[in-house]
Each structure stands twice: as structure tokens, then as C-alpha cells.
Amino acid sequence: MAMASSLRISRLLSRSLSSASTSFFSSGRSASLGARVSKYSTNAATEEPIKPSVQVEHTQLLIDGKFVDAASGKTFPTLDPRTGEVIAHVAEGHSEDIDRAVAAARKAFDQGPWPKMTAYERQRILLRAADLIEKHNDDIAALETWDNGKPYEQSAQIEIPMLVRLVRYYAGWADKIHGLTVPADGPYHVHTLHEPIGVAGQIIPWNFPLLMFAWKVGPALACGNTIVLKTAEQTPLSALYVARLFLEAGLPPGVLNIVSGYGPTAGAALASHMDVDKLAFTGSTETGKVVLQLAAKSNLKPVTLELGGKSPFIVCEDADVDQAVELAHFALFFNQGQCCCAGSRTFVHENIHEEFVAKAKARALKRAVGDPFKSGIEQGPQIDSNQFEKILKYIRSGVESGATLETGGDRLGNKGYYVQPTVFSNVQDGMLIAKEEIFGPVQSIFKFKDIGEVIERANNTRYGLAAGVFTKNIDTANTLTRALRAGTVWVNCFDTFDAAIPFGGYKMSGQGREKGEYSLKNYLQVKAVVTPLKNPAWL
């Protein structure tokens, strides 16, 4: 089952040059869309929304193993991006609720069984949680799509299986965390202990709610920590559902606490809390700066940050244009363009630029946009009205600054937050759409002459989260991968994620790494223990 899940994720997420991926482009999902959906038309976004089969079971805060109301009794609405209508009213956590959650996490760490369990026992609980998530895959996927707007097929076939894989991956690490014996100059026995850091505060975004949940919760629990996690106010539902499954799997009360609420209230209280030992945040660079300041001004807690990006996608002169167009399209438009590592600056060699632009426009016009619960849909609505208006503002800026609007540029339909797949050509480096993170379905195409030029231009950004390279030449690939200032460089693929592959950014795209072995270091303290040796037989 695990292998089948991994292969399915690889086929759907990766866009490599293998025959399997090529068939996915040409004869699989894309080729058969016309029989199932209306492509790039207002019909797809104006039909009566499909009613999800899942029921909203949890809208309260999870504190100390129980679902409870916010101390104030306040709630806030979480909305369906397809219509803007209310799905449910969710408990609105404030500083008092953060205090309660942190107290429960502190008690669970200092007095509870979790850090005192054997690593094998913690591993078994995590594996049971993964099994339960897998069992409830379809309901969780429906809840994620309903609250977020991403295609149900993406949720059910990619993201929830990846959530399961991540939990199992970190379960595997639980009994493999250990220190070292260190030789010293003199008669001493020296060893290191890798100890859990304590109470971890975690703040996750709305674009990939459950994957970000797993990226943070997985390593923290594997290392023996306890957690207070704040969900994004736009997408609070799925984390509460999955947290209940962790409790059902045997996670002790207080080990995982979930507080829904807003950033300036609940988020700020968590970041500045004096009894939180470590903080992890994923979101915008601007908010990341605030989080870092709050952490420093309180108890100087260590912080890992996964922030914004403006990733270059470089199409070299030797590229197969059809494959490059498809991969560049995926790199930008995946998840409605709401992806921190989206290939949002498409650099194309001048000798193939004209052909590329024409085919990129044609591909965008074929993109299937509509109700994300409908089979074959590639693009659902944006997350909310704020993001919707922000994207349209950037599109207007692109037109006003002189970029060529090849296609799109407006809303789709008359309800919900659907945006037409948009392609700009003749984009110049100084334009806002070239410099700032749009976080939407807007592709910007640039022309370049040679490798030296494109390296300089690709690196001329405050961000450094990811980059893509499309070439048949291994020397060109090697030159670019070493020259690009980014935490991940994908060569002839994009958005290829795996539980073991670290992810994080250079420059203002963040600090620290998530996923893989590297992420464990975020949740461990290293202690050196030195003991004198009397008359040792050897040193």
C-alpha cells in the first residue's frame, strides 16, 4: 500500500521527462478533460456547486485532549471559496486560549507520559494515526477541498496520501534519534544527548493546510515534544478532524493542541509566549518578520521560517518546447498558483521564445476551471476575497506597466473567487508582477539570451525558495544548479516533493529546513555530558 501510494504521488506531482509523465500530459488526464468539464468558460464556475458528502464534526478548539469553546465564546465563519457562503462557525481563539493550550502542552511535556515513553511506543502511536488518516482519506480530502477550494482529485490522490506518508516517515525516525560518543583530550568520557526541545508553537498557512500540518507535527512528535498549533483562519477544519484521529490512535491529552483564530491575536500570543520553547511558521515574508520579532522580544525562542518565493523557471534553448510548456504551466498554475515555490518567473531562451509564448497561451486556454469537486477540474477558486482582489490588482498592474496580456486577466463566473488562467509576455524585471509574489494563476514570461544573463536575473530577487531548470544538457544543468541561489532546484521536473527531501529557502524565503532528517534538528536540543575517567584502560 505504501509503495502504491508513493508511486501515485510521484506520477501526479512530478512532471519529469519519463514516459510515464509524458503519457500523463498527452493521453491521460489532460486529453480526456473535454468530455467531463467546460474548459476556461464561465459555465464551469457558475454551475450549482456540488454538495460535499462530508459533515463538519469539529469546530471547537482542541486543548488538553478535549474539544472546547473559546474562553470568550466567540466564533468566526469559515467560507466556501466556490460561493463565499459560510461552511461553519469555528471557535475563535485568543491569548487566553493560547495560555490554556500552552499550559496543557507544558504539563504534558513535564509530567505526562509522551516524552517518557520509549521511542518505539511513540512510533506505534504515529503509525496508528497514519493508518486512521488513510482509512478516512476521502472524508478528509472532501473537507480540505470544501474549506480551501483546491481540486478534490488533488486532495484525495496527492495531498492526503502524502500526509499519510509523512506521518509514517517521521514515525520511522522516532527510534533512530540518538547522540554520539565524543573523544576528548584527556581522561574523560564524553557523550551527547539529543533531547526534545519542549513545547513547540506552530503556525501553518492556508494553501496546503494538512501537508504543512504534517511537516510540523511529524518531526516535533517523533522527537518527543508537545505542540500548540494555530491553524490559518481561512482553513481551520481539516486539522481538527485529523487531530481527533491522533487522539484515537493513542496520543496522550495535551500533546497536540489546536487553536483556530487570527494572526494578530492567537498567532501573536503564541509567537510571544514565554513558555513556548520553539516556534515554526509558514506564511508570507512580511508576517515572518513579525513572528521573528515577537519570538526574539519574548524568550528568544528559536524560530524556523518557510516564507515567500518568486521562483525562476528557466527554459533553455535545447528544450523540447511542448514538454517545457506543460511543465512551466504546472509549475505556475498548480494549486491555483497559491504555492510559495511556484515557478512564477518563466525565463525562456530567445530562440524558442515566440513558439513558447504561443503554446503557453494555448495551454492556459485549455485549463479546466470550475467546481473543485467536479471530476477533471484542474483549477478551483482562490482562497478568499482578499486573495482574489490582490491577484486582480497585480494583473491590472501588469497591463498598466506595459506587459502583453496574452490571455486571461479577469474573474471567471459571477460568484466565488475564480480567476481566469492568465499569461503575460514581454515582462520586464522591474515590473511589480516580476518582483512581488502574486500567489495566483498568473504566468509571467521573460526572454533571455545566454546562461550568464539568466543566472544574474534569476538571482536578482529578495527570495530564494526554489528554481526550475529545463534542459537536455547536463553541463548546463550543473552550471545552473550550482549558480542559482535557492533552497531547491528542480531539473526537468517541478514540485517533486518527498518526505525525505529537505525544503526551505535562501535569503528572505526563510531560515531552517523542513522535511527529511534535517527537520529533526529543529525540535532537538544537544546536550554534552562529560564524566572523568579514573585509570582508564584506553582513551
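The values are calculated or read from the model by the stated rules, or taken from the named source; none is laboratory data. Just so you know, these numbers come straight off a predicted model, no measurement behind them. No Cβ is skipped: glycine too gets one built from the backbone with ideal geometry, and neighbour counts run over all protein chains shown. Surface accessibility is based on the protein's heavy atoms, side chains included, excluding ligands, DNA and RNA. Shrake-Rupley method; radii C 1.70, N 1.55, O 1.52, S 1.80 Å.
Could you check how many residues of the range 482-522 are closer than 28 Å to L163 by Cβ, in contact (Cβ under 8 Å) with a residue 24 or more places away in the chain and open to solvent by 70 Å² or more (accessible area, probe 1.4 Å)?
The qualifying residues number 3.
Can you give me the number of residues within the range 507-531 that are of a type outside the set (G, A, S), under 18 Å from the mean Cα position of the chain (by Cα), assigned to a helix (DSSP H, G or I) and under 19 Å from P196 (Cβ atoms)?
As a first pass, look at the range 507-531 and keep what is of a type outside the set (G, A, S): 507-508, 511, 513-515, 517-518, 520-527, 529-531.
Okay, now just the ones that are also under 18 Å from the mean Cα position of the chain (by Cα), so 508, 511, 513-515, 517-518, 520, 522.
From the residues that got through so far, the ones that are assigned to a helix (DSSP H, G or I) too are 508, 517-518, 520, 522.
Subsequent filtering for residues that are under 19 Å from P196 (Cβ atoms) retains 517-518, 520, 522.
Matching residues across the range 507-531 total 4.
Between a first residue in the range 386-401 that is surrounded by fewer than 17 Cβ atoms within 10 Å (Cβ to Cβ) and a second residue that is among the hydrophobic types (A, V, I, L, M, F, W, C) and part of a helix (DSSP H, G or I), which pairs have beta carbons less than 7 Å apart while being 6 or more apart in sequence or on different chains?
Between residues of the range 386-401 that are surrounded by fewer than 17 Cβ atoms within 10 Å (Cβ to Cβ) and residues that are among the hydrophobic types (A, V, I, L, M, F, W, C) and part of a helix (DSSP H, G or I), the close pairs are S397/L432; S397/I433; S401/L432.
Considering only the range 410-426, how many residues are within 20 Å of K310 (Cα to Cα) and open to solvent by 10 Å² or more (accessible area, probe 1.4 Å)?
Residues that pass the stated criteria total 1.
So W173 ticks every box in (1) open to solvent by less than 20 Å² (accessible area, probe 1.4 Å); (2) closer than 18 Å to R124 by Cβ but one. Which box is left unticked?
W173 satisfies every listed condition except (1).
Is it the case that the range 523-534 has a residue that's touching a strand residue (DSSP E or B) at 6+ places or on another chain (Cβ under 8 Å) and open to solvent by less than 10 Å² (accessible area, probe 1.4 Å)? Reasoning before the result, please.
Taking the range 523-534 first, the residues touching a strand residue (DSSP E or B) at 6+ places or on another chain (Cβ under 8 Å) are 523-533.
Right, trim to open to solvent by less than 10 Å² (accessible area, probe 1.4 Å) and you get 523.
Scanning the range 523-534 turns up at least one residue that is touching a strand residue (DSSP E or B) at 6+ places or on another chain (Cβ under 8 Å) and open to solvent by less than 10 Å² (accessible area, probe 1.4 Å).
Kindly indicate which of H189, H178 is open to solvent by 20 Å² or more (accessible area, probe 1.4 Å) and in contact (Cβ under 8 Å) with a residue 24 or more places away in the chain.
Details: H178 fails: in contact (Cβ under 8 Å) with a residue 24 or more places away in the chain.
Being open to solvent by 20 Å² or more (accessible area, probe 1.4 Å) and in contact (Cβ under 8 Å) with a residue 24 or more places away in the chain holds for just one of H189, H178, which is H189.
For the range 338-363, how many residues are within 15 Å of F424 (Cα to Cα) and not in a helix (DSSP H, G or I)?
Taking the range 338-363 as the starting set, the residues that turn out to be within 15 Å of F424 (Cα to Cα) are 343-348, 353-363.
Imposing the further condition that a residue be not in a helix (DSSP H, G or I) reduces the set to 343-348.
Qualifying residue count for the region: 6.
How many residues does the range 427-454 contain that are crowded, with 17+ Cβ neighbours inside 10 Å and more than 26 Å from the chain's Cα centre (by Cα)?
Of the residues in that region, 7 qualify.
Within the range 373-393, does at least one residue satisfy the condition of being out of contact with any Asp or Glu (no Cβ under 6 Å at 6 or more places or on another chain), within 17 Å of V348 (Cβ to Cβ) and not in a strand (DSSP E or B)?
Step one: of the range 373-393, the residues out of contact with any Asp or Glu (no Cβ under 6 Å at 6 or more places or on another chain) are 373-393.
Remaining after also requiring within 17 Å of V348 (Cβ to Cβ): none.
Within the range 373-393, none of the residues are out of contact with any Asp or Glu (no Cβ under 6 Å at 6 or more places or on another chain), within 17 Å of V348 (Cβ to Cβ) and not in a strand (DSSP E or B).
Got a sec? Which of A108, A103, A119 is of a type in the set (A, V, I, L, M, F, W, C), surrounded by fewer than 22 Cβ atoms within 10 Å (Cβ to Cβ) and either touching a strand residue (DSSP E or B) at 6+ places or on another chain (Cβ under 9 Å) or within 18 Å of G201 (Cα to Cα) (or both)?
On the way: A108 fails: surrounded by fewer than 22 Cβ atoms within 10 Å (Cβ to Cβ); A119 fails: either touching a strand residue (DSSP E or B) at 6+ places or on another chain (Cβ under 9 Å) or within 18 Å of G201 (Cα to Cα) (or both).
Step by step, each of A108, A103, A119 is checked, and only A103 is of a type in the set (A, V, I, L, M, F, W, C), surrounded by fewer than 22 Cβ atoms within 10 Å (Cβ to Cβ) and either touching a strand residue (DSSP E or B) at 6+ places or on another chain (Cβ under 9 Å) or within 18 Å of G201 (Cα to Cα) (or both).
Which of the residues spanning the range 325-337 are in contact (Cβ under 8 Å) with a residue 40 or more places away in the chain and either out of contact with any Cys (no Cβ under 9 Å at 6 or more places or on another chain) or farther than 15 Å from S425 by Cβ (or both)? Steps first, please.
In the first step, residues of the range 325-337 are kept if they are in contact (Cβ under 8 Å) with a residue 40 or more places away in the chain; the result is 326-337.
Hits for the range 325-337 are E326, L327, A328, H329, F330, A331, F333, F334, N335, Q336, G337.
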